[in-house]
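Before any comments, here is the structure.
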Amino acid sequence: MAAKPRVKAPKKAAAGEIVTIKTLVRHNMETGQRKDSDGNKIPRDIIHTFVCTVNGKEALRSKWESAVSANPYLAFPLKIMETSEVVFSWTDDQGETVSTTKTITVA
Amino acid sequence: MNQVSIVSRRTFVLGTGGLAAFLALPQMAAANEWQAAMMELVGTSEPAEGKVDLVMPEIAENGNVVPFDVTVDSPMTDGDHVKAVHVLATGNPTPGVASYMMSPAMGEATISSRMRLGKTQDVIAVAEMSDGSVYGVTTTVKVTIGGCGG
């Protein structure tokens with residue numbers, strides 16, 4: 001899943017403000033239910049874990065099953081108390097992890 | 001008075017259900033796969049009503065990409081917050097869709113994502129609160145084209 005994930009987050013926030021984070025990562029999310037043209041099952045390959053940390057502390061951890069759509073989209077709020085380094089990471093069945101970091105500044 | 005009659009009726013249903021399960025174990029297990037999945041996730045298959053809101057389209061033309069929003073009524077403070085939200089699709093080959101382990105750092109207990117639905121079915125969202133209580137809500141989605149591939 002080498003593609004870079006896309007995260008939409010504000011650059012600035014007021015202390016205590018609840019901001020919305022939107023994330024999108026490219027991934028087939030192969031369910032393991034489909035068969036190829038020879039009738040063999042295509043093995044499951046999905047992103048099973050998504051984690052969002054704020055200044056090193058876990059804010060949201062998500063466990064996904066094969067029913068999550070391809071190119072998973074996830075939107076959620078964060079309450080920003082201070083200037084925060086927000087790290088997003090996705091891990092798939094191949095053991096591959098992609099991450100991206102956003103900084104939200106509190107003036 | 002009302003309460004008493006509800007309890008006794010439930011006990012009766014549980015009793016007969018247990019007997020039916022004993023008599024027809026394989027069929028029962030298949031019919032209640034999502035209940036077993038929910039039991040494993042939150043320790044009950046009968047969550048309380050209220051607090052959880054699950055917004056989905058009534059009719060999904062494409063079962064591959066069905067948007068859903070889950071919002072739980074919670075102040076999201078250290079003492080009173082949502083610990084986890086689980087989403088289950090009762091009619092999919094695997095009933096589990098996703099689990100979201102939340103924290104007060106979110107400020108609000110809400111998430112939006114997209115799921116696959118194989119056919120017309122009920123979708124359930126359950127929330128585990130920090131005090132151990134469990135709330136849930138069910139919504140029916142009609143699916144025109146299933147999303148499980150061929």
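The values are calculated or read from the model by the stated rules, or taken from the named source; none is laboratory data. The structure displayed is predicted, hence computed values, not measured ones. Virtual Cβ from ideal backbone geometry, glycine too; neighbours counted across all protein chains shown.
Points worth noting:
- Only a single criterion out of (1) out of contact with any helix residue (DSSP H, G or I) (no Cβ under 6 Å at 6 or more places or on another chain); (2) in contact (Cβ under 8 Å) with a residue 24 or more places away in the chain is not satisfied by A:Asp36, namely (2).
- When A:Val87 is tested against (1) surrounded by 14 or more Cβ atoms within 10 Å (Cβ to Cβ); (2) out of contact with any His (no Cβ under 7 Å at 6 or more places or on another chain); (3) at pLDDT below 95, exactly one condition is not met: (3).
- When A:Ala13, A:Ala67, A:Ala9 are checked against the criterion of being without any contact (Cβ under 8 Å) to a residue 60 or more places away in the chain, at negative phi and surrounded by 14 or more Cβ atoms within 10 Å (Cβ to Cβ), A:Ala67 stands alone in meeting it.
- Listed by position, the strands (runs of 3 or more DSSP E) inside the stretch B:14-83 whose residues that are among the β-branched types (Val, Ile, Thr) and either in contact with a Phe, Trp or Tyr (Cβ under 6 Å, 6 or more places away or on another chain) or at pLDDT 90 or above (or both) number at least 2 are B:52-55, B:66-72.
- Some residue of the stretch B:109-125 being buried (at least 21 other Cβ atoms within 10 Å of the Cβ), closer than 22 Å to A:His27 by Cα, facing chain A (nearest Cβ under 7 Å) and hydrophobic (A, V, I, L, M, F, W, C): yes
- For B:His86, the conditions (1) touching a helix residue (DSSP H, G or I) at 6+ places or on another chain (Cβ under 7 Å); (2) at the interface with chain A (Cβ under 8 Å from one of its Cβ atoms) are fulfilled apart from (2).
- Taken over the stretch B:126-150, the criterion of being within 11 Å of chain A (Cβ to nearest Cβ) and under 14 Å from the mean Cα position of the chain (by Cα) is satisfied by no residue.
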